[in-house]
Every structure is written in structure tokens, then in C-alpha cells.
């Protein structure tokens, strides 16, 4: 219980949990935006590119935090965890590259597929961390 005027205390685990939720929500929204572009028969523009890189920035922060935390503990599948960290950061830029190299109606679907694959990788990361925690 905190007294009047006392600020709430947050732990590092709260921050990491919030980052994981933000990353999952961002990848889910990006997938929906990519599908909307496809449904509207639009080629990807600057707004989709910015959205991809915002999500990639979140993923990069998560990867750095996850790697630093993983080096301080022993996880049952530590190498698998670290590989998923790398994959989670690399999939979306590769998908965006495909989408923008030959822009078409289906470019949004390519970004959506990359976002869904990244979402699954982030979920797997959380499962691996929970198994070790």
C-alpha cells in the first residue's frame, strides 16, 4: 500500500512485459494494415514503410533487452531463444524489401505475412522465457 503522494513502483519485469505486449499489438496492427492495403488494391506507400520501421524499432529494443537478460540466466533452450531474437528483428525488413522491390496490390499481403511470422516468433520467445523463468 502506498501513502498519499507516493508514486507507484514499477519493476523491470513490468517494463519488459509492457514491451512484449506493445510488440505483439504493433505486429498485429501492422498485419491488419497490410491486409487493408491489399483489400483496397493499394500499393504500399510511405505510411506502410514508416509503420514497418516503427515495429522493427520495437523489435530491436526487445532483442537487445532479451539478449542482455538471457546472458544473465540459464535458459533450457538458450541458443533457440537467441536465434528467435535475431529472427524476430530480421523478418519484417526482409518482407518490406520484397514488398517495395516490386510494388503491387499484393505487397500489403507480403508485409502482413511478415508481421504474422514476427508475431509468432515473439510469442515463441515469451514461451521460451517463461519455461526458463
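When you check residue 55 against the structure, is it within 17 Å of residue 85 (Cβ to Cβ) and either loosely packed, with under 15 Cβ neighbours inside 10 Å or at pLDDT 90 or above (or both), yes or no?
Against the criterion (within 17 Å of residue 85 (Cβ to Cβ) and either loosely packed, with under 15 Cβ neighbours inside 10 Å or at pLDDT 90 or above (or both)), residue 55 qualifies.
Those residues that are under 18 Å from the mean Cα position of the chain (by Cα) and surrounded by fewer than 16 Cβ atoms within 10 Å (Cβ to Cβ), I need them from region 91-115; list them, please.
Answer for region 91-115, where residues must be under 18 Å from the mean Cα position of the chain (by Cα) and surrounded by fewer than 16 Cβ atoms within 10 Å (Cβ to Cβ): 93, 94, 97.
Looking at 69, 49, which one is closer than 19 Å to residue 17 by Cβ and assigned to a helix (DSSP H, G or I)?
69
Which of the residues that make up region 74-133 are out of contact with any helix residue (DSSP H, G or I) (no Cβ under 8 Å at 6 or more places or on another chain) and closer than 16 Å to residue 49 by Cβ?
97, 101, 102, 103, 104, listed by residue number.
Out of (1) assigned to a loop (DSSP other than H, G, I, E, B); (2) within 18 Å of residue 25 (Cα to Cα), what's the single condition that is false for residue 105?
Residue 105 satisfies all of (1) assigned to a loop (DSSP other than H, G, I, E, B); (2) within 18 Å of residue 25 (Cα to Cα) except (2).
Looking at (1) surrounded by 14 or more Cβ atoms within 10 Å (Cβ to Cβ); (2) out of contact with any helix residue (DSSP H, G or I) (no Cβ under 8 Å at 6 or more places or on another chain), which one does residue 70 not meet, given that it meets all the others?
(2)
The values are calculated or read from the model by the stated rules, or taken from the named source; none is laboratory data. Computed from a prediction, not measured in an experiment: that's the story for all the values here. Note: ideal-geometry Cβ built from the backbone for every residue, glycine included; neighbour counts use all protein chains shown.
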